[in-house]
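Report on one structure; see the data block that follows.
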Amino acid sequence: MARRVLGAFAVTATAALASLALATPASAHTDNVTAKCDVKTGKSYLTVGLTQYGSKKDNFLTITVDGTAKAPVAFRESFKTETWEFDATVEHKFKIDIKAYDDPDSTKGWSKSYDRSTTACVKQTPPSSSVTQPPASSAPEVPSSSAAVPPSTTPVAPAPGGSTPEPPLAATGASPVWLLLSGLGLVGAGAAALLVVRRRRA
């Protein structure tokens, strides 16, 4: 009787241990999925690390950033922890999908999805509106058209033949017309005197 009880106990214990061994991989899946915005570095970060998944076939990891899905990444047993950087001046939304090959219908909880997000923790500095104007250059002074033209210093060209033309006679102020009239008057007076003398002799 005692042997039967011990045998039944041994069978029950063995079955329990077998069930525990089969359930261990499911409970051992470890996921590190975090997202944060760091003011000190001015960046947003998404970190993903997966361990203790099945290694007989490929598991797949798909990451969606702000509605855009990246190409699925295949891994076995574990996905080495990786961190991606993003702009911290805007908010971001992430979705991490994990498809375990031994849980295609997500009934065992090994295939799962995570939703993560970050806020805009860094304010974007607007560009400065004050533009430095270059100093206005003083316009060069334009000479007036009424300014006196300096006398020409160009020498007078010599006349043909090589001799320099004589300068004109200087004006004395006496008019030659009066000299001519005076001469004519003297001639007329002499002629009249000659006629008078001839008449007297006759």
### Message
Can you list residues from other chains, or at least 5 along the same chain, whose modelled amide H is less than 5 Å from the amide H of Ala120?
### Response
Glu91
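When only the heavy atoms of the protein chains count and the probe is 1.4 Å, how do Val122, Val197, Val33 rank by accessible area, highest first? Intermediate values should be presented prior to the final figure.
Details: Val122 40, Val197 70, Val33 10 Å².
Output order, biggest surface exposure first: Val197, Val122, Val33.
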### Query
Accessible area of Asp31, 1.4 Å probe, to the nearest 10 Å²?
40
## Note on the structure
Applied in sequence order to region 103-111, the curve 6.51 cos²θ - 1.76 cosθ + 1.60 (Karplus, θ = phi - 60°) yields integer Hz couplings, x standing for Gly and Pro, of 9, x, 9, 6, 8, 8, x, 7, 8
### Message
Can you give me the long-range amide H partners of Ala88? Hydrogens built in the peptide plane at 1.01 Å from N, cutoff under 5 Å, separation of 5 or more residues or another chain.
### Response
Ser44
### Query
What spacing in nm lies between the two simple spin-label points modelled at Leu194 and Ala71, each 7 Å away from Cα in the Cβ direction?
14.2
### Query
Sorted by packing (mean other beta-carbon atoms within 10 Å per residue), highest first, where do 58-67, 45-54, 184-193, 77-86 land?
45-54, 58-67, 77-86, 184-193
## Note on the structure
In terms of the charge dipole of region 47-133, which places +1 on Lys and Arg and -1 on Asp and Glu at the beta carbon, the residue among Thr118, Thr83, Thr107 farthest towards the positive end is Thr107
### Task
When a/c is below 1.5 the answer is rounded, else prolate if a/b is larger than b/c, else oblate, so apply that to region 42-88 with a ≥ b ≥ c taken from the square roots of the Cα gyration tensor eigenvalues.
oblate
### Query
Between Glu82 and Thr30, what length in nm is gained on full extension when 0.36 nm per residue of separation is reduced by their alpha carbon distance?
17.3 nm
### Query
Whose amide H sits under 5 Å from the amide H of Ser111, counting only residues 5 or more places off or on another chain, with H placed in the peptide plane?
Ala100, Ser106
### Task
Round to the nearest 10 and report in Å² the accessible area of Val73, as given by a 1.4 Å probe over the protein chains' heavy atoms.
60
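The values are calculated or read from the model by the stated rules, or taken from the named source; none is laboratory data. In this text the structure is predicted, and so the values were computed from the model without any measurement. Methodologically, a virtual Cβ is constructed for each residue, glycine included, from the backbone with ideal geometry; neighbour enumeration extends over all protein chains shown. Protein only, heavy atoms only, side chains kept; ligands, DNA and RNA dropped before computing areas. Shrake-Rupley method; radii C 1.70, N 1.55, O 1.52, S 1.80 Å.
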